[in-house]
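What follows is one structure encoded as structure tokens, with my remarks underneath.
Read the figures in this text as sums done on the coordinates, not as results from a lab. This is a predicted model, so every value here is computed, not measured. Please note: Cβ atoms are built from the backbone with ideal geometry, for glycine as well, and neighbour counts cover all protein chains shown.
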Amino acid sequence: MAKASKKKTKARRDGRRAALYYMKPDIIEAVKEAAAANDQKAWQFVEQAVIKALKPKKA
């Protein structure tokens with residue numbers, strides 16, 4: 001398990017926190033391209049994709 005960081009970071013007004021995830025380079029490039037095609041920043045595209053993936057599936 002990772003150690004808890006003792007470093008204090010400045011709180012964002014929107015409540016978001018930083019997170020680091022490793023992905024294959026081709027996935028990163030695809031995210032950037034898809035985000036640009038939708039006039040979004042990459043973090044916005046990824047955030048929306050994660051929210052959609054975490055929604056409960058309707059049976």
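Per-residue Karplus couplings for the range 45-59, computed as 6.51 cos²θ - 1.76 cosθ + 1.60 with θ equal to phi - 60°, are listed in order as 4, 5, 4, 5, 5, 5, 4, 4, 5, 8, 5, x, 7, 7, 8 Hz, Gly and Pro entered as x.
Classification of the chain by its C-alpha gyration tensor yields a prolate form. The axis ratio a/c (a ≥ b ≥ c) is 1.5 or more, and a/b outweighs b/c.
Its Cα centre serving as origin, the chain has a Cβ charge dipole (Lys and Arg +1, Asp and Glu -1) of approximately 640 debye.
Pairs from the list Lys7/Lys55; Lys24/Lys52; Lys8/Lys52; Lys24/Lys58; Lys8/Lys41 with a Cα-Cα gap above 28 Å: Lys7/Lys55; Lys8/Lys52; Lys24/Lys58. Between Asn38, Leu20, Ala49, the Cα set farthest toward the positive side of the dipole of the chain (charges on each charged residue's Cβ, about the Cα centre) is that of Leu20. Ellipticity at 222 nm from helices only: DSSP H runs of n ≥ 4 in the chain, each -39500 (n - 2.57), divided by the residue count, give -14000 deg cm²/dmol.
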